[in-house]
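Notes for the one structure printed next.
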Amino acid sequence: QSLIIVKDLGRKYVIGSEVIHALKSVSLEINKGEFVALMGPSGSGKSTLMNILGCLDTPTKGLYILNGTDVSHMTDNALAEVRNQEIGFVFQTFNLLPRSTSLDNVALPLIYAGVNKKDRDLRAKTALENVGLGNRMDHKPNELSGGQRQRVAVARALINNPSIILADEPTGNLDTKTSVEIMGLLEEIHKKGNTIILVTHEEDIALHAHRIVRMRDGLIESDQPNENIKSVS
Ligand code: ADP
Ligand code: ADP
């Protein structure tokens, strides 16, 4: 049932004679279907932890077991494969290809997965319809609002049926109303059984999650269920 098991995880950076312990010792278990918010001040280690959870980086100490596989010491190539299969990313800055349509942006991960063009387009179309953008398939990012761009990014994150959605400040570039809409979309996705880990420094946004993990100085300071779930649906 544990999708993520992290034990005594450490990550240090060595720059010349200086050693920075970005993560000192982090232990965490996340079950399938959880919606977790990761909070903490700047420099507390959130990005470092998310990079490891997202298989973009490996720890210098401890264990990370993802969906039953020990990914703590994998080569970059093996890690990339796990990442493409298991992780969907949503970023603050959307990270869409500017010259590509919504449909092509959403279909992109399926190229790496070896899906043929016809099935790619079909699945991307359905994914866009599912986030309410059935009428924006042929639009490019600069022809969309911020909220619509983030919906495209969410559809892209989901297209491969990943085990986990990692959302790093997904509302950081959105106004309040649009932020609430995007959180509503993430809640819908969570209700369908998806596992979501969300980094945010906004308490209001974190209140949409069911569990709140707070970091400080490379350690977990608290890890509690959210008693005040703020549902928008
Ligand atoms: P955020 O707090 O928004 O997640 P970053 O993760 O970009 O910000 O950076 C947090 C801190 O980590 C900053 O102080 C930055 O200088 C430092 N940092 C990030 N990447 C590097 C790097 N490659 N080399 C040295 N310091 C870095
Ligand atoms: P947060 O995301 O909570 O702001 P980070 O994980 O970015 O925290 O940073 C944790 C600590 O690790 C900070 O002291 C930061 O300066 C340092 N750090 C992060 N990335 C790097 C890096 N690539 N090289 C050197 N130091 C880094």
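State whether the residues of region 71-80 include one that is within 16 Å of ligand 1 (Cβ to nearest atom) and open to solvent by 70 Å² or more (accessible area, probe 1.4 Å). Break it down into steps so the answer makes sense when it comes.
Keep residues of region 71-80 that are within 16 Å of ligand 1 (Cβ to nearest atom), which gives none.
No; the residues of region 71-80 include none that is within 16 Å of ligand 1 (Cβ to nearest atom) and open to solvent by 70 Å² or more (accessible area, probe 1.4 Å).
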Exercise. Provide a single number: the residues in region 39-59 that are within 8 Å of ligand 2 (Cβ to nearest atom) and among the hydrophobic types (A, V, I, L, M, F, W, C).
Key: 2
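Got a sec? Which of 52, 87 is touching a Pro at 6+ places or on another chain (Cβ under 9 Å) and within 19 Å of residue 109 (Cβ to Cβ)?
On the way: 52 fails: within 19 Å of residue 109 (Cβ to Cβ).
Sole residue among the options that is touching a Pro at 6+ places or on another chain (Cβ under 9 Å) and within 19 Å of residue 109 (Cβ to Cβ): 87.
May I ask you to verify whether residue 222 is open to solvent by less than 60 Å² (accessible area, probe 1.4 Å), polar (S, T, N, Q) and free of Cβ contacts under 8 Å to residues at least 24 places away in the same chain? Show your work before the answer.
Numbers: open to solvent by less than 60 Å² (accessible area, probe 1.4 Å): yes; polar (S, T, N, Q): yes; free of Cβ contacts under 8 Å to residues at least 24 places away in the same chain: yes.
So residue 222 fits the description; yes.
From the list 138, 104, exactly one residue is at pLDDT 95 or above and more than 23 Å from residue 163 (Cα to Cα). Which is it? Spell out the reasoning first.
Details: 104 fails: more than 23 Å from residue 163 (Cα to Cα).
One residue alone meets the criteria, 138.
Any idea how many residues of region 9-61 are among the hydrophobic types (A, V, I, L, M, F, W, C), closer than 17 Å to residue 197 by Cα and open to solvent by less than 70 Å² (accessible area, probe 1.4 Å)? Step through it out loud before you land on a result.
Restricting attention to region 9-61, the residues satisfying the condition of being among the hydrophobic types (A, V, I, L, M, F, W, C) are 9, 14-15, 19-20, 22-23, 26, 28, 30, 35-39, 49-50, 52-53, 55-56.
With closer than 17 Å to residue 197 by Cα added as a condition, the list becomes 26, 28, 30, 35-39, 49-50, 52-53, 55-56.
With open to solvent by less than 70 Å² (accessible area, probe 1.4 Å) added as a condition, the list becomes 26, 28, 30, 35-39, 49-50, 52-53, 55.
Residues that pass the stated criteria total 13.
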Quiz prompt | Single unsatisfied condition, residue 132 versus (1) open to solvent by less than 80 Å² (accessible area, probe 1.4 Å); (2) of a type outside the set (Asp, Glu); (3) in contact with a Ser or Thr (Cβ under 8 Å, 6 or more places away or on another chain) | solution = (3)
Exercise. Please find, among 26, 36, 6, the residue that is assigned to a strand (DSSP E or B), within 14 Å of ligand 2 (Cβ to nearest atom) and either closer than 24 Å to residue 226 by Cβ or free of Cβ contacts under 8 Å to residues at least 40 places away in the same chain (or both).
Key: 26
Quiz item: What are the residues in region 16-58 that are among the β-branched types (Val, Ile, Thr) and either away from ligand 1 (no atom under 11 Å from the Cβ) or modelled with pLDDT under 95 (or both), if any?
Solution: 19, 26, 30, 36, 52, 58
Quiz item: Somewhere in region 81-89, is a residue surrounded by fewer than 17 Cβ atoms within 10 Å (Cβ to Cβ), within 16 Å of ligand 1 (Cβ to nearest atom) and closer than 14 Å to residue 199 by Cα?
Solution: no
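The values are calculated or read from the model by the stated rules, or taken from the named source; none is laboratory data. Everything numeric here is computed off the predicted structure, so don't read it as measured data. Here the Cβ is made from the backbone with ideal geometry for all residues, glycine too, and neighbour counts use every protein chain on show. Ligands, DNA and RNA are stripped out before the accessible areas are found, and what is left, the full protein with its side chains, is counted by its heavy atoms. Shrake-Rupley method; radii C 1.70, N 1.55, O 1.52, S 1.80 Å.
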